[in-house]
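Okay, so here's the structure we're looking at.
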Amino acid sequence: MTFRKIIATTILATAIAWALVGCAAKEEAPAPVDAGKDADTAEQVGTAEQVDAAEHVAACRVAMQKLGGALKGRLQEAVAAGGLIEALEVCNVEAVPIAETISIEEGVIVGRTSLRVRNPRNAPDAWERATLEDFAARAGTVEDVGTLEAWTVTENEGEQRTFRYMRAIGTAPLCLSCHGEALTPEVTAKLAELYPADAATGFAAGDIRGAFTIVKSID
């Protein structure tokens, strides 16, 4: 393989991997904090007290970026080895364990959710659904929907406080190979095999496909 072909293959694998990355205790929903507020001035939602959100938001962003980076690296390997179909298989088998490992390392629970999930285990709870709907309502007010984020604090019956964070995932053009309207027969067949209840297709570029979601204890 020539050097030029090697570079082209690497670029393609990276692009597809990033496209696939956006594809991995629950209380009643308090209203999400306005994502336009700075983390250090955000008001606590769900309890009467205030919380210094900056530290918790920063920790959640680190976990989110770590998950995205880990998935990207693993999917790059899969695309280079066997193309899009192998990457779908890797995502199906390894995305959850990768998220669980990062959750342990960072002391949070990190994952992904959507109003139209590919994997039923990623279905949103009440607060996540309300936040996703809020993201969708505000999508037209920002240039990049991937900048939309929200956070809140909840408290269970045992007075255990939890910090919750979400960051929207936008649909890039390359995401359409697995999430768009016109999928190849091979991809359609593989999705039917791996995800019989898949609802994560039919998106257009620029749509909000879902969000990273993180839960962090603050007590």
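Please treat every number below as a calculation from the coordinates, not as lab data. It should be emphasised that the depicted structure is a prediction, and the values quoted were computed from it without experimental measurement. No Cβ is skipped: glycine too gets one built from the backbone with ideal geometry, and neighbour counts run over all protein chains shown.
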Exposure proxy check on PHE203, PHE212: fewest-to-most Cβ neighbours within 10 Å is PHE203, PHE212
Whole-Hz Karplus couplings 3J(HN,Hα) for the range 189-197, θ = phi - 60° and coefficients 6.51, -1.76, 1.60, Gly and Pro as x, run 5, 5, 5, 5, 6, 7, 9, x, 9
One finds, for ILE104 and GLU133 with R0 = 41 angstrom and r their Cβ-Cβ distance, a FRET efficiency to the nearest 0.05 of 0.85
Ranking ALA192, ILE208, ILE218 by how far each Cα lies towards the positive end of the charge dipole of the range 179-218 (+1 on Lys and Arg Cβ, -1 on Asp and Glu Cβ), the top one is ILE218
For ASP134, ASP52, ascending order of other Cβ atoms within 10 Å (fewest first) is ASP52, ASP134
